[in-house]
Amino acid sequence: MKVSGFTFVRNAVKFDYPVVESIRSILPVCDEFIVAVGNSDDETRNLILSMGEPKIKIFDSVWDDSLREGGQVLAVETNKAFDAISPESTWAFYLQADEVVHEKYLPAIRSAMEKWESEPKVEGLVFNYTHFYGSYQYTGDSRRWYRREVRVIRNDQRIRSYLDAQGFRKEGRKLFVAPVDAFVFHYGWVKPPQAQQAKLQTFHKYWHSDRWIEKSKKNLSSFDYHGMDFLAPFNDSHPKVMQERVKHQNWEFSAEKSAHKPSIKSALLHFVEKKSGWRVGEYRNYKMVR
């Protein structure tokens with residue numbers, strides 16, 4: 001069984017993406033790792049080269065900045081990286097540049113790949129998610145954060161990245177997947193406030209028109225982390241590859257100051273989920289194999 005890892009990235013240094021940590025976190029279970037490096041304004045390509053990993057293969061890409069609707073350029077770049085993996089691979093392991101897997105989950109992931117390798121009905125593996133917010137000590141704990149997503153897919157070129165690259169589709173339909181007992185740690189909302197604001201201002205261009213951006217423009221130099229409805233303290237360990245970043249967090253974050261009083265509806269739905277584990281009306285980007 002051969003496994004290819006793949007991702008895409010642009011301006012990782014400028015926007016403080018933990019892309020090196022992301023790649024290293026799953027490299028032990030990959031035979032190769034394709035990185036589609038977009039045309040950047042910083043040293044992103046050299047950053048990837050500096051890893052000195054023989055498994056890594058860089059694919060140089062130029063983003064189509066005219067794609068301004070629904071984040072579709074992210075799916076385009078995901079597909080470029082996926083299309084570059086070895087045809088000999090059975091599975092393709094996808095992580096975005098702000099996603100990291102804890103080393104304790106690697107055996108379970110490898111085991112799930114081996115279990116379902118000869119079962120073509122299983123087109124992917126779905127992972128649980130932990131979303132960090134504001135700092136490395138707190139996680140988002142509300143319905144606005146998705147709980148699961150597909151991150152391992154079968155090496156089938158009929159499978160395509162969907163919408164803004166959160167999930168996948170095969171010939172337009174959702175993938176049939178099996179669960180893996182593992183979490184993906186999402187660090188996209190843990191950055192210095194200045195880097196977070198700079199990233200968001202740039203990424204608005206991949207969802208909205210110039211007119212929308214100008215109309216809603218806020219002249220902020222740093223991101224305001226206030227206004228999150230539910231946060232939970234993180235009491236587990238971070239992946240080893242993230243330890244240095246966690247240790248050197250250099251900005252203040254207050255969960256109490258960030259707290260936002262939820263609506264009655266949100267509070268009720270949150271209560272139901274915590275008591276029963278059932279997320280009412282949950283959207284799933286996949287179909288579980290039964």
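The values are calculated or read from the model by the stated rules, or taken from the named source; none is laboratory data. Computed from a predicted structure; not experimentally measured. A quick note on method: Cβ atoms are made from the backbone with ideal geometry, for glycine too, and the neighbour counts reach across all protein chains shown.
Could you check segment 81-111 and list, in sequence order, the residues that are of a type in the set (A, V, I, L, M, F, W, C) and either at pLDDT below 95 or touching an Asp or Glu at 6+ places or on another chain (Cβ under 8 Å) (or both)?
Selection gives Ile85, Trp91, Val100, Ala108.
I'd like to check something: does segment 39-47 contain any residue that is surrounded by 15 or more Cβ atoms within 10 Å (Cβ to Cβ), touching a residue at least 40 places away in the same chain (Cβ under 8 Å) and hydroxyl-bearing (Ser, Thr, Tyr)? Break it down stepwise before answering.
Here is the first cut: in segment 39-47, the ones surrounded by 15 or more Cβ atoms within 10 Å (Cβ to Cβ) are 40, 44-45, 47.
Retained after the next criterion (residues that are touching a residue at least 40 places away in the same chain (Cβ under 8 Å)): none.
No, that holds for no residue.
Does Arg284 fit the bill of being surrounded by 10 or more Cβ atoms within 10 Å (Cβ to Cβ), more than 25 Å from Lys104 (Cβ to Cβ) and modelled with pLDDT of 75 or more? Spell out how you get there, then give the answer.
Details: surrounded by 10 or more Cβ atoms within 10 Å (Cβ to Cβ): yes; more than 25 Å from Lys104 (Cβ to Cβ): yes; modelled with pLDDT of 75 or more: yes.
Against the criterion (surrounded by 10 or more Cβ atoms within 10 Å (Cβ to Cβ), more than 25 Å from Lys104 (Cβ to Cβ) and modelled with pLDDT of 75 or more), Arg284 qualifies.
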Is at least one residue of segment 103-118 touching a residue at least 60 places away in the same chain (Cβ under 8 Å) and of a type in the set (S, T, N, Q)?
no
Filtering segment 2-45 for residues that are in a loop (DSSP other than H, G, I, E, B) and over 17 Å from Ala84 (Cα atoms) leaves a count of 14
When His208 is run through (1) modelled with pLDDT under 85; (2) within 25 Å of the chain's Cα centre (by Cα); (3) assigned to a helix (DSSP H, G or I), the failure sits at (3)
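Name the one entry in Glu117, Glu99, Glu123, Glu103 that is more than 30 Å from His248 (Cβ to Cβ), in contact with a Ser or Thr (Cβ under 9 Å, 6 or more places away or on another chain) and not hydrophobic (A, V, I, L, M, F, W, C). Show your work before the answer.
Numbers: Glu99 fails: more than 30 Å from His248 (Cβ to Cβ); Glu123 fails: in contact with a Ser or Thr (Cβ under 9 Å, 6 or more places away or on another chain); Glu103 fails: more than 30 Å from His248 (Cβ to Cβ).
Exactly one of Glu117, Glu99, Glu123, Glu103 is more than 30 Å from His248 (Cβ to Cβ), in contact with a Ser or Thr (Cβ under 9 Å, 6 or more places away or on another chain) and not hydrophobic (A, V, I, L, M, F, W, C), namely Glu117.
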Scanning segment 185-202 residue by residue, the ones that are touching a residue at least 60 places away in the same chain (Cβ under 8 Å) and either surrounded by fewer than 19 Cβ atoms within 10 Å (Cβ to Cβ) or assigned to a loop (DSSP other than H, G, I, E, B) (or both) total 5
The condition from (1) surrounded by fewer than 19 Cβ atoms within 10 Å (Cβ to Cβ); (2) among the hydrophobic types (A, V, I, L, M, F, W, C); (3) within 14 Å of the chain's Cα centre (by Cα) that Val150 misses is numbered (1)
Taking segment 152-168 and keeping only residues that are hydroxyl-bearing (Ser, Thr, Tyr) and within 18 Å of Ile34 (Cα to Cα), one is left with Ser161
Discussion item. For segment 87-99, check the following and say yes or no: at least one residue is polar (S, T, N, Q), under 15 Å from the mean Cα position of the chain (by Cα) and in a loop (DSSP other than H, G, I, E, B).
Written reply: yes
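Out of all the residues in segment 56-103, which are over 25 Å from Lys2 (Cβ atoms), touching a Gly at 6+ places or on another chain (Cβ under 8 Å) and not aliphatic (A, V, I, L, M)? Lay out the reasoning, then the answer.
Step one: list which residues in segment 56-103 are over 25 Å from Lys2 (Cβ atoms), which gives 62-74, 76, 98.
Narrowing the set further to residues that are touching a Gly at 6+ places or on another chain (Cβ under 8 Å) leaves 62-63, 98.
Those that are over 25 Å from Lys2 (Cβ atoms), touching a Gly at 6+ places or on another chain (Cβ under 8 Å) and not aliphatic (A, V, I, L, M): Trp63, Asp98.
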Any chance segment 222-231 includes a residue that's at pLDDT 80 or above, within 20 Å of the chain's Cα centre (by Cα), within 23 Å of Phe185 (Cβ to Cβ) and loosely packed, with under 14 Cβ neighbours inside 10 Å?
-> no
Sole miss for Pro179 among (1) part of a loop (DSSP other than H, G, I, E, B); (2) at pLDDT 95 or above; (3) touching a helix residue (DSSP H, G or I) at 6+ places or on another chain (Cβ under 9 Å); (4) surrounded by fewer than 17 Cβ atoms within 10 Å (Cβ to Cβ) is condition (1)
